[in-house]
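What follows is a short report on a single structure.
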Amino acid sequence: MKRRNFLNKLFGSLLVASTFLSSCSNSDLNENIASGNRILKFNVSQTFDNNSNEGARSIIEKPDTVYQNFSDGTQIKAVIEQDGVTNSRANTTYPVLTGTKVVAIVINESTNKIHRIQPLTVESNGSMSCEVPNDATVSIIFYSYNSIIDTPMVDQDNTIYKEVHGKDVMWFKTQPIKPTDTNLGYVKFRHLFSRAKVVMHDKRGIGISRFETTLEKSGSTFAIVNLIAGTIESPNQDKDISLNKDTTSPTIDLESDYEVIIPNDAISTMKLSVTNIDGRTLTDKYIILNKKLEQGYSYTINIYVDAPSNQIEDGPSIFYQWDAKAPWTQEGALPTYGTKEYFNTDKIASNSCKDCPTAEEIKKILAAGVYWDEHGPEWVDKIERKSTRGLWIPKRSIWEKEAGAKTYAVANQILDEQRASGDYIFLPCAGFMSCESLEYGPTSEPAAEAWYWSSEPSTSGGVYSPEHANCLYFTRVPQGNGDRAYADVKLKEAVPRKMGGSIWRAE
């Protein structure tokens, strides 16, 4: 809506409000009725169903799925769905919290005057009591911020209000109530604004304990509310909303709390930025959403983030003990038994290493050929040093056809043609965590070696070891010694499970 039209409409609304209340004076707030007043009790609930045709809408409107790919191979998938699509709210109501503050505007239908403006509180049994004239037909407007602290400041001189973002504005107007009416039914508040939440899905199956997202330009910073009609006008779209969650118990599907959004009149072009997942900072990872958020509706944004197909799963600064449930982050402090950072002693990986290659797959990878790169994709190690060193390994489409098997290979420099083919995955030479500290090799040679876990424990004479596991190990070979390879690569067996290695997938 253009600004001039909006202001004209607002001015017109104010004139209507002034006409409606022109005969109201301060004394009108408590209109004297000869036969006195009576108390009406209403049962209270709330709903996000503000459209009688929601059942039809739920059939028509399907979840919107949007994909965004990035130059480093990361892909974000967002599925935006109206909550009513999967769980219709047509007959669903929710309780209103005991102690919620409400304002009741009692209107005398015959005189078109405000009889009384009353502050109310939702009682413990989910009801409200409101005073009305005993011998007059009235209608009542109930107005609330869905808060046990804040009471809307309503007066007889105005029915047009500017409400800012952060308030969950609820509204309900009764049908005319006659003096003989006794069956009053429910006050079923509807929300004048919208709400949304984010659900972050962990495709690894390990669980997520923290994420940070921002929904940029999701709606308006304020709305003009017509108290009599129960309608809103929201002229701008420049509000950013944080949708985050932090918990001590990792879960596969971690969801934020709902946040209130003042919907815009038109289709919103929103930018959803994903900035952190489980302590891992993500840079310039976002997705553009074109969605019209309807007034009074509830939305869920499901987020799926795939790690770069040409890099490791959790980034070059994240290390796990073998098949631990959470990364090992404290250098020099060995995780203790029973914590989520402690290694798994089972025969089968079921946590962080369950999708890592097996020992036999590593042998095929080495047989198919691996390549070193001094100038690969830039990455940052655990102590904030930048590097471009790493190993390129073939993807499954290449090595699964390999008939041979090797436990050791030499890696020469990769060619530009191989880099650009899309047939290889880049593994940063990221180091590892030892029992005492982070290890990178000689201080003059940062990014000198790396350990990438296998999904299998070590075996000796056919018996598995609860203390050891297999890994892919590679170390950089200093140049200047004739025709020596750039890196030595091997399947390393009997590695202590308490070491901290990287998590990867055989794409």
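The values are calculated or read from the model by the stated rules, or taken from the named source; none is laboratory data. Source: prediction; values computed, not measured. Cβ placement follows ideal geometry from the backbone for every residue including glycine, while neighbour counts extend to all protein chains displayed. Accessible surface is based on the protein model in full, side chains and every heavy atom, while ligands, DNA and RNA are left aside. Shrake-Rupley method; radii C 1.70, N 1.55, O 1.52, S 1.80 Å.
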message: Compute and list, largest first, the equivalent-ellipsoid semi-axes of segment 174-274 from the alpha carbon gyration tensor, each √(5λ) rounded to a whole angstrom.
response: 37, 22, 8
- request: Pop out the ³J(HN,Hα) list for segment 489-499 in order, Karplus 6.51 cos²θ - 1.76 cosθ + 1.60 with θ = phi - 60°, rounded to Hz; leave Gly and Pro as x.
  value: 10, 8, 7, 9, 9, 6, 7, x, 5, 7, 6
message: With a 1.4 Å probe and all protein chains kept in place, how much accessible area does Thr281 have, in Å² rounded to the nearest 10?
response: 100
- prompt: Taking the Cα centre of each part, how many Å lie between segment 177-252 and segment 91-125?
  reply: 22
- prompt: With each label point set 7 Å from Cα along the Cα-Cβ vector, what nm distance links Glu123 and Arg385?
  reply: 7.2
message: Tell me whether segment 245-288 comes out rounded, prolate or oblate; compute the Cα gyration tensor, take square roots of the eigenvalues as a ≥ b ≥ c, and use a/c under 1.5 as the rounded threshold.
response: oblate
Qualifying GluC sites (Glu not before Pro) in segment 379-424, DSSP loop, other Cβ atoms within 10 Å at most 12: Glu384
query: How much of the calculated P(r) for segment 116-234 lies past 21 Å, in percent of all Cα pairs?
result: 53
query: Share of segment 216-292's accessible area from carbon and sulfur, percent, 1.4 Å?
result: 44
message: From the Cα trace of segment 345-440, what convex hull volume per residue do you get, rounded to a whole Å³?
response: 138
statement: For Ile252, the residues 5 or more places away or on another chain with a placed amide H closer than 5 Å to its own amide H are Ile208
